[in-house]
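To keep things clear, I will list the structure first and then write my remarks on it.
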Ligand SMILES: Cc1ncc(COP(=O)(O)O)c(C=O)c1O
């Protein structure tokens, strides 16, 4: 057999490999100062506690931790997630929650449940590649919506929704990946109003809302304003505990949640019970709050240094987002340089970043790049920005 083409599904023809995976290999070479990563720093993982709790739940609760579990998730964990979500303004109970294998699975399940080939999903320019991959994998069409410093530009969303029927809007209002932006509450309200007017649903993906480094950032969820059940809210423990514990969740209106549950039965029966048991125990013990504080403290200083160094080296040459939370700042070069064409020079100079183009579904964004402050120590961040400045001075 030379080709398997006749075996692939129509959806498989729409699969998009991640355009930024290729850069991932750059992040493990110690000679390269990497702003290219997209992952949390392992130093933030509460590894000792996870090891203790893992041992405890395996030894003491094998009939739960090592057994199949309910598709909707470990009941006590669903309770804890509902409690946590109420602090984010969401009016919910455990019955409104499904635990998923990371929030990525929630994206895939929602796409499976809601999208037919050719359906239009509006996404932010730029957007998270794992989100767009889930929609492409269902042969959806993606329409880009402009953002500014306040988040989605309502006029742009109106224009997209007026041109063609959109079924779904995918948004990351809190410290978006990749842009690092926080959408204002006014914009959130305007977006929801447009959802009513044009009758589309909204996925609110919120893995970064707890990672706040400044006072006064209003991360109150969009779902808290939603009176008609249009918003599907996604949360995750990946950025505050550890992404290897594949534990996320979705909160949505009951008819939507019921279908998503059935999609999940077919996908994996239940999310990993050992992962859920560990997360459940840590959260029930009240360990999440202090852990979130530690993670914030860990990133706050690094973020400050990266922004300070950008000011030193790039003022007048570029703009960047303030990264008041999350893991990223997003840089837009003034002179229109295509950042993808400089990546080889950058790597040869010992620094790496992610060119921004792949995050834009409309093919724009060539003069942008995503930088994370998560990986490197303070001195290497300083040196890395200096190297970056030399690369872009050429
Ligand atoms: C915006 C966004 N959504 C979802 C995910 C997936 O997270 P997880 O599946 O680990 O919860 C990520 C991971 O980086 C992300 O940045």
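The values are calculated or read from the model by the stated rules, or taken from the named source; none is laboratory data. The shown structure was predicted, so the numbers you read here are calculated from the model rather than taken from an experiment. Cβ atoms come from the backbone with ideal geometry, glycine included; neighbour counts cover every protein chain shown.
The combined condition, being at pLDDT 95 or above, under 30 Å from residue 98 (Cβ atoms) and over 21 Å from the mean Cα position of the chain (by Cα), is fulfilled by residue 286. All conditions in (1) more than 16 Å from the ligand (Cβ to nearest atom); (2) modelled with pLDDT under 95; (3) over 21 Å from residue 268 (Cα atoms); (4) surrounded by 12 or more Cβ atoms within 10 Å (Cβ to Cβ) hold for residue 119, with the sole exception of (2). Where strands (runs of 3 or more DSSP E) fall wholly inside segment 316-394, the ranges with 1 or more residues that are surrounded by fewer than 16 Cβ atoms within 10 Å (Cβ to Cβ) are 318-320. Residue 171 meets the conditions (1) under 18 Å from residue 229 (Cα atoms); (2) touching a residue at least 60 places away in the same chain (Cβ under 8 Å); (3) within 11 Å of the ligand (Cβ to nearest atom) in every case but one. The failed one is (2). Residues satisfying the criterion are absent from segment 104-115 (criterion: under 18 Å from the mean Cα position of the chain (by Cα) and farther than 30 Å from residue 227 by Cβ). Within the set of pairs 6+ apart or on separate chains, which have a first residue in segment 47-72 that is farther than 20 Å from residue 265 by Cα, a second that is exposed (fewer than 14 other Cβ atoms within 10 Å of the Cβ) and modelled with pLDDT of 95 or more, and C-beta atoms under 8 Å apart? Close Cβ pairs (under 8 Å, with a partner that is exposed (fewer than 14 other Cβ atoms within 10 Å of the Cβ) and modelled with pLDDT of 95 or more) amount to 58/66.
Residues are listed down the side, and each one gets a yes or a no for (1) in contact with a helix residue (DSSP H, G or I) (Cβ under 7 Å, 6 or more places away or on another chain); (2) more than 15 Å from the ligand (Cβ to nearest atom); (3) more than 19 Å from residue 182 (Cβ to Cβ); (4) modelled with pLDDT of 95 or more:
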{"residue": "87", "(1), (2), (3), (4)": "no, yes, no, no"}
{"residue": "98", "(1), (2), (3), (4)": "yes, no, yes, yes"}
{"residue": "109", "(1), (2), (3), (4)": "yes, no, yes, yes"}
{"residue": "126", "(1), (2), (3), (4)": "yes, no, no, yes"}
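If the condition is being within 14 Å of the ligand (Cβ to nearest atom) and part of a strand (DSSP E or B), then segment 217-246 contributes 232, 233, 234, 235, 236.
Within segment 252-264, the residues that satisfy the criterion of being surrounded by fewer than 24 Cβ atoms within 10 Å (Cβ to Cβ) and within 28 Å of residue 184 (Cβ to Cβ) are 253, 256.
Checked against (1) away from the ligand (no atom under 15 Å from the Cβ); (2) touching a helix residue (DSSP H, G or I) at 6+ places or on another chain (Cβ under 7 Å), residue 214 passes all but a single condition, namely (2).
Might you check whether a residue that is in contact (Cβ under 8 Å) with a residue 40 or more places away in the chain, farther than 21 Å from residue 66 by Cβ and out of contact with any helix residue (DSSP H, G or I) (no Cβ under 6 Å at 6 or more places or on another chain) occurs anywhere in segment 239-251? Checking segment 239-251: at least one residue is in contact (Cβ under 8 Å) with a residue 40 or more places away in the chain, farther than 21 Å from residue 66 by Cβ and out of contact with any helix residue (DSSP H, G or I) (no Cβ under 6 Å at 6 or more places or on another chain).
When segment 277-293 is filtered for residues that are in a helix (DSSP H, G or I), more than 13 Å from the ligand (Cβ to nearest atom) and in contact (Cβ under 8 Å) with a residue 24 or more places away in the chain, the ones remaining, listed by number, are 277, 278, 280, 281, 282, 283, 284, 288, 291, 292. Taken together, the residues in segment 15-31 that are touching a helix residue (DSSP H, G or I) at 6+ places or on another chain (Cβ under 8 Å) and either at pLDDT 85 or above or part of a loop (DSSP other than H, G, I, E, B) (or both) amount to 5.
As for segment 171-184, it holds no residue that is at negative phi and over 21 Å from the mean Cα position of the chain (by Cα). Residue 42: within 16 Å of the ligand (Cβ to nearest atom), surrounded by fewer than 16 Cβ atoms within 10 Å (Cβ to Cβ) and over 30 Å from residue 259 (Cβ atoms), yes or no? Yes.
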